[in-house]
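Notes for the one structure printed next.
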Amino acid sequence: FFLGYYMIVRQLIILLAVATLENLSLKNVISPKWMPLIKMDLSKMVAEKVDTDLLFKFGIISDIQYVDVPDALNFQQTKLRKYRQSLEIFQKAVKYWMSSVDNVDIKFALILGDMIDGKSIESKSQFQCMTRLKKISELLPCESYYCFGNHCHYSFDRVSIVKNFLADKPWLLKPSSKSPDLPCRPSKIYYHWSPHPGWRFVCVDSYDVSLIGSSSIANKQLAEELLATNNPNDLTMSGTWFNNLPYEKRRWVPYNGGVSDTQLNWLKQTLQHAKSNSERVVIFSHQPIYAEKKPQSVIWNSESILDIIWQAGNVALWIAGHDHDGQYSIDPQGVHHMVPSAPIECDDGELAFGHFEVFPSHLVLRWSGKQPTDPVLPWPANQTLLLQSMHL
């Protein structure tokens, strides 16, 4: 009790020092910009004192983008992509997650989209590459859960995605009296499940409305209309998509997508169902929805999604891929938004994977390798992430 008060006073002293150095008032320092830093500092102290009951662990890895071709620069000619090394990194991740020496013992793994690179289409090797990747993931004595990104849709149609990445979980494809909305199909590759009492994981399809992987003809037409309205550039011409585009409009490019009204309603109902069962929620999707420094990476209608999760009040974490450098921030409602650095752009010998330890009131991220170079908040490797009280 007294230790908690001591830490709060200590943190306020630090904030006053910052205010003095930067010529700011205390009112400006204690603002939404700074509050996440206060929460993170106190969470590490409080959470470790309050609960130490480990519930379960789950692995995370973002864009692998494997294809059996030599290294090459990205589209912007700014980053080197090591396509073969990325599969080796995934293999090391699986080996680590299985390690009894380190006592990792994950319950499942989240693969955050773009498992295979779109270059595989050029050599018609996408299914061969997928087989190699799946053979590695199948070494795990637990389930791997996938969300699907732009390179997934470059490489496969929705029928192939369901057949090759979801059909090994028959319960996702069959109606259930407990969750009658669950069955997946080509037009619906979003889903949810509960790995542990009090917790629910939700996969969001961020290319439901898109040019490259839409769930219906109508949703593709909607995507065309939205892009025409928000981006005046010729989107059939490579390299001109961002010309004179306002900062806040940079999300409106063809490699991004949006969530349909149907899926938004499903998400709202799913979160309410979880709330009625006193469940905290982790959402994973290929695209982030909250990225102050990276507007070019977010889902088109991110604000609509944020409204839903803020109203629900039980979402602890949104975790995504897509932005290869990675990012981390906390939104005004205390939801953690995390994008791990991607294996596809690791330097020689570098790693990029990790796992979460889940406790009743906090998460701990265990991370190996590359970290984001310019996150809003420091990448919380081996740090405690305090979870906000659920609004029940």
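How big is segment 173-322 in terms of Cα radius of gyration and Dmax, in angstroms?
16.3, 52
Give me P(r) over segment 66-118, computed from all C-alpha to C-alpha distances, binned every 10 Å, as integer percentages.
21, 41, 25, 12, 1
How big is the gap, in Å, between the Cα center of segment 108-142 and the Cα center of segment 282-303?
Going from one Cα centre to the other spans 23 Å.
When the label point is put 7 Å from the Cα of Trp171 along its Cα-to-beta-carbon vector, which residues of segment 189-205 have a backbone N closer than 16 Å?
Once the point is set 7 Å along Cα→Cβ of Trp171, 191-203 turn out to lie under 16 Å by backbone N, inside segment 189-205.
To the nearest 10 square angstrom, what accessible area does Glu225 show with a 1.4 Å probe?
My reading of the accessible area for Glu225 is about 110 Å².
Would you mind computing, in nm to one decimal, how far apart the modelled labels at Thr131 and Thr373 are, each placed 7 Å from Cα along Cα→Cβ?
3.8 nm
How long are the three semi-axes of the equivalent ellipsoid of segment 328-392, in whole Å, if each is the root of 5 times an eigenvalue of the C-alpha gyration tensor, listed from largest down?
Its equivalent ellipsoid spans semi-axes of 25, 13, 8 Å.
Take every Cα-Cα pair in segment 114-225 and report what % of them are more than 25 Å apart.
Numbers: 1624 of 6216 pairs.
Percent of Cα pairs beyond 25 Å in segment 114-225: 26.
Express in whole angstrom the spacing between the alpha-carbon centres of segment 355-392 and segment 181-233.
Here the two parts' Cα centres lie 26 Å apart.
Between Asn103 and Asn382, what length in nm is gained on full extension when 0.36 nm per residue of separation is reduced by their alpha carbon distance?
Working: separation 279, 0.36 × 279 = 100.44 nm, distance 1.53 nm.
Stretched out fully, the Asn103 to Asn382 stretch lengthens by 98.9 nm.
Could you name the aspartates and glutamates in cross-link range of Lys95, using Cα to Cα under 12 Å and dropping any fewer than eight places away on the same chain?
Correct list for Lys95: Asp105, Glu138.
Order Lys135, Lys82 by their accessible area, 1.4 angstrom probe, all chains in place, largest first.
Per-residue accessible area, sorted high to low, gives Lys135, Lys82.
Measuring from label point to label point, each 7 Å out along Cα→Cβ, what is the Ile217 to Asp234 span in nm?
Taking the simple label geometry, Ile217 and Asp234 are separated by 2.8 nm.
Which pairs break 20 Å Cα to Cα here: Lys169/Lys275; Lys79/Lys294; Lys119/Lys293; Lys249/Lys293; Lys92/Lys188?
Flagged as over cut-off: Lys169/Lys275; Lys119/Lys293; Lys92/Lys188.
Between Asp307 and Glu138, what length in nm is gained on full extension when 0.36 nm per residue of separation is reduced by their alpha carbon distance?
57.1 nm
Report the percentage of all Cα-Cα pairs in segment 206-283 whose separation exceeds 20 Å, rounded to a whole percent.
Numbers: 1332 of 3003 pairs.
Tail fraction, whole percent: 44.
Could you pull the accessible area for Phe58 with a 1.4 Å probe, rounded to 10 Å²?
0 Å²
Solvent-accessible area per residue for segment 205-340 at a 1.4 Å probe radius, Å²?
Details: 5100 Å² over 136 residues.
Value returned for segment 205-340: 37 Å² of accessible area per residue.
Once the whole set of protein chains is in place, how much accessible area is left on His273, using a 1.4 Å probe, in Å² to the nearest 10?
Accessible area of His273: about 70 Å².
The values are calculated or read from the model by the stated rules, or taken from the named source; none is laboratory data. If you're wondering where the values come from, they're calculated on a predicted model, not measured in any experiment. So basically every Cβ, Gly included, is an ideal-geometry build from the backbone, and we count neighbours across all protein chains shown. Accessible surface is based on the protein model in full, side chains and every heavy atom, while ligands, DNA and RNA are left aside. Shrake-Rupley method; radii C 1.70, N 1.55, O 1.52, S 1.80 Å.
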